[in-house]
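First comes the structure, then the notes that go with it.
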Amino acid sequence: MVQLSTVKALLDEFCDRINQPRESSYVGNTTPAARQYVSLFKYIGDQLLDYANGWWQLKRVYVFTTTTGVSNYQLPGDFLRMLTGTQWGVTNQIPLAGPLSNARLAFQTYGVNIATPFAGYQVNGAQGYVFNTSPYTQRSAGYFQISPAGQNDTDQNAIAYTSCNYVWPTDWVSGQAYSIGDKVTGINNIYICTDAITTSATRPDATTGTDTDGDGVWTVYTEPYPVTADTDIVLLDDALFVEGLRWAWFESKQQFQAADRLKKSWETDVTNALGRQNGAILLNAGYDTTANWEWPVVPVGAWSGTGGG
């Protein structure tokens, strides 16, 4: 397995490829060249996020517990898009139907209550984030709406989604002191220090909630993590950034012929990278949401009510 590169390592490689001097630093550097390179780096990252079929490196799972009478549940701050067919009622072991049309959502929410094995869903609200309180500073402006609303305070639902975080903070270091607000890469996630740590002894590995580390605490961080430092770790393929930076740089210099040629080559590289991780695409003209498992699916304890079956 190849070690992941840092932002600085990729920008150094890019400078070598275009025969330009390397900068001593990039993120936060005020020289025109460094500022342009960081801007182009973010631009290419955003371009890669637009590919809806990727990326397995950015796959995350969001699990939430219902509240009686509540329909809307806030999405993680780093939510970019859902992964098709991953919406499940964990407790009841059945898929969530959807996304529902507006008409169907209104019918299930306000219409005559009919017996149905499915809860339905929509994703609503603005893309992006809004500010929130400590320990987090920002959260998703979007929400996951279920219908019917929560029937109790114990059922769990889960969705898989693509995260917008294509860079993560520097790796955790043993023996280092961390202050509140410091972020590191652990085993499973990004983590934020929510209680100061004098000497860090344990690499955080929690998937939700918190990890105790000596005299301090790490908390799983699921908010947007923009490019913050040269030492940030890049999750996507090195070549996709270096070659993407090349065509974007030539385009910025109005060398459009070279830029067009490089962009076409880069788009091929992106397609190949997606193909390597996702495998062959199988098309089924009769596809529906039940095509990937066998029925009947019966939840734990059988169906509730007396609807028969």
Any hit, the stretch 19-33, residues being under 22 Å from GLN57 (Cα atoms), among the β-branched types (Val, Ile, Thr) and surrounded by 15 or more Cβ atoms within 10 Å (Cβ to Cβ)
no
Which of the residues spanning the stretch 169-184 are in a loop (DSSP other than H, G, I, E, B) and among the hydrophobic types (A, V, I, L, M, F, W, C)?
TRP172, VAL173, ALA177, ILE180
Confirm whether THR210 is closer than 24 Å to LEU10 by Cβ and either within 21 Å of the chain's Cα centre (by Cα) or crowded, with 20+ Cβ neighbours inside 10 Å (or both).
no
Could you tell me whether the stretch 3-14 includes any residue that is more than 27 Å from GLN138 (Cα to Cα) and in a loop (DSSP other than H, G, I, E, B)?
yes
Members of the stretch 15-40 that are in contact (Cβ under 8 Å) with a residue 24 or more places away in the chain, part of a loop (DSSP other than H, G, I, E, B) and either under 24 Å from LEU262 (Cα atoms) or in contact with a strand residue (DSSP E or B) (Cβ under 8 Å, 6 or more places away or on another chain) (or both)
ILE18, TYR26
Neighbours by Cβ (under 8 Å, 6+ apart or cross-chain): first from the stretch 83-103, small (Gly, Ala, Ser); second modelled with pLDDT under 85
GLY85/THR289; GLY85/ASN292; GLY89/ALA119; GLY89/PRO299; ALA97/PHE118; ALA97/ALA119; ALA97/THR289
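The values are calculated or read from the model by the stated rules, or taken from the named source; none is laboratory data. Bear in mind the structure is a predicted one, so any value in this text is a computation, not a measurement. A quick note on method: Cβ atoms are made from the backbone with ideal geometry, for glycine too, and the neighbour counts reach across all protein chains shown.
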